[in-house]
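Novice: I have a structure I would like to understand better, so I am pasting it below and will then ask my questions one at a time.
The values are calculated or read from the model by the stated rules, or taken from the named source; none is laboratory data. Everything quoted here is computed from the prediction, not taken from an experiment. Here the Cβ positions follow ideal geometry from the backbone for every residue, glycine too, while neighbour counts run over all protein chains shown. Surface accessibility is based on the protein's heavy atoms, side chains included, excluding ligands, DNA and RNA. Shrake-Rupley method; radii C 1.70, N 1.55, O 1.52, S 1.80 Å.
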Amino acid sequence: DYAETWNNRGTALLDLKRPHEALDDIEHALRLRPLFAEALNNRGSALFDLKRYADSAESFARALAAPPNFEAALGSLFHAKLHACDWSEFDATRLRILSNIERDGGADVPFAFLVHSNNPDAQLRCARLYAAEKCPSAPQPFWSGQPYRHEKMRIAYLSADFNDHATAHLTAELFEIHDRNRFEISAFSFGASGAGEMHRRLRRAFDAFHDIRSMSDRDAARMLREKEIDIAVDLKGFTDGSRPGILAHRPAPVQVHYL
């Protein structure tokens, strides 16, 4: 009868991409504590993953109204409403989210914020606030200035999409035409196990292909450091399935986001 435990297990199941099971646990938590704001927020996330967008918006609205004010649900509420083609209070909600971000209050996911903001300064502030909360920089970075003297520059690409995905179609040729006399390139994959011609093509394009799905962010970062990667390129940003926590450990001298 401990609501927090049911909610926590629901959160774990959401992370495992098992929203049906997550919803069952979260609903159990809410039967124990009907005004449990965090559980209401998680319920909204599970319903969103199940593409029940109107129900998702209703749950986020309840989380927002539950004491204490759970402002973090505002961006998710707005995003769910847009997916349900519910344009009610569009301008007022958009301005409220922007106001929260301008005063460092957060309240939106960076990729969702792009939908309704064309202000690059606000987008950057939103991303920084989100990163500071969800994947803050590690207090002891793995790379702290040690020089590398490799014959070839070592570049690692990190993604969950080394398969038949839009990102792969946009980048496959890019990987293939790297100058192998100057660069050694590797893939660090944390997506579903690959199959099909695109995955096989990508495997051929890299000098090394590492499956890091089962690794923690810290262990994956340690692997990048041990392989003395010069440049780490995150191909995911804040899209679905991203793992920004890996590069938060600063495993490489140069870390960039692309695409």
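Novice: Please work out if PHE183 is of a type outside the set (Asp, Glu) and closer than 25 Å to GLY245 by Cα.
Specialist: When the stated conditions are applied, PHE183 does not pass them.
Novice: Based on this model, can you work out whether LEU235 counts as open to solvent by less than 40 Å² (accessible area, probe 1.4 Å) and farther than 15 Å from CYS135 by Cβ?
Specialist: Judged against the criteria, LEU235 is a match.
Novice: Report yes if ALA107 is over 15 Å from the mean Cα position of the chain (by Cα), buried (at least 18 other Cβ atoms within 10 Å of the Cβ) and modelled with pLDDT of 95 or more, otherwise no. Before you say what the answer is, go through the steps one by one.
Specialist: Details: over 15 Å from the mean Cα position of the chain (by Cα): yes; buried (at least 18 other Cβ atoms within 10 Å of the Cβ): yes; modelled with pLDDT of 95 or more: no.
No, not satisfied.
Novice: Something else about it: I need the full set of residues from region 184-200 which are open to solvent by 50 Å² or more (accessible area, probe 1.4 Å) and part of a strand (DSSP E or B), in order please. Steps first, please.
Specialist: The initial filter retains those residues of region 184-200 that are open to solvent by 50 Å² or more (accessible area, probe 1.4 Å), namely 184, 192-193, 195, 197, 200.
Scanning region 184-200 gives a single hit, GLU184.
Novice: I'd like to know if region 201-217 contains one or more residues that are among the β-branched types (Val, Ile, Thr), in a loop (DSSP other than H, G, I, E, B), open to solvent by less than 30 Å² (accessible area, probe 1.4 Å) and under 26 Å from HIS249 (Cβ atoms). Before the answer, list the steps.
Specialist: First pass over region 201-217, keeping only residues among the β-branched types (Val, Ile, Thr): 212.
Add one more test, that the residue is in a loop (DSSP other than H, G, I, E, B), and what stays is 212.
Applying the additional criterion that residues be open to solvent by less than 30 Å² (accessible area, probe 1.4 Å) yields 212.
With under 26 Å from HIS249 (Cβ atoms) added as a condition, the list becomes 212.
Taking every residue of region 201-217 in turn, at least one turns out to be among the β-branched types (Val, Ile, Thr), in a loop (DSSP other than H, G, I, E, B), open to solvent by less than 30 Å² (accessible area, probe 1.4 Å) and under 26 Å from HIS249 (Cβ atoms).
Novice: Tell me whether region 67-82 contains one or more residues that are open to solvent by 60 Å² or more (accessible area, probe 1.4 Å), out of contact with any strand residue (DSSP E or B) (no Cβ under 8 Å at 6 or more places or on another chain) and modelled with pLDDT of 95 or more.
Specialist: Looking through region 67-82, none of the residues is open to solvent by 60 Å² or more (accessible area, probe 1.4 Å), out of contact with any strand residue (DSSP E or B) (no Cβ under 8 Å at 6 or more places or on another chain) and modelled with pLDDT of 95 or more.
Novice: What are the pairs with Cβ atoms under 8 angstrom where one residue, in region 126-154, is over 14 Å from LEU224 (Cα atoms) and open to solvent by 80 Å² or more (accessible area, probe 1.4 Å) and the other, located anywhere, is modelled with pLDDT under 90 and not hydrophobic (A, V, I, L, M, F, W, C)? Sequence gap at least six, or different chains.
Specialist: GLU133/GLY106
Novice: Going by what's in this entry, would ARG9 be described as open to solvent by 20 Å² or more (accessible area, probe 1.4 Å), assigned to a helix (DSSP H, G or I) and under 27 Å from PHE190 (Cβ atoms)?
Specialist: The answer is yes for ARG9.
Novice: Which condition number does THR171 fail, the rest of (1) in a helix (DSSP H, G or I); (2) polar (S, T, N, Q); (3) within 20 Å of MET223 (Cβ to Cβ) being met?
Specialist: (3)
Novice: So, in region 130-167, exactly how many residues are touching an Asp or Glu at 6+ places or on another chain (Cβ under 6 Å) and not in a loop (DSSP other than H, G, I, E, B)? Show your work before the answer.
Specialist: If we filter region 130-167 for residues that are touching an Asp or Glu at 6+ places or on another chain (Cβ under 6 Å), which is where we start, we get 148, 152-154, 158, 167.
Pick out the ones that are also not in a loop (DSSP other than H, G, I, E, B) and you get 153-154, 158, 167.
So the count comes out to 4.
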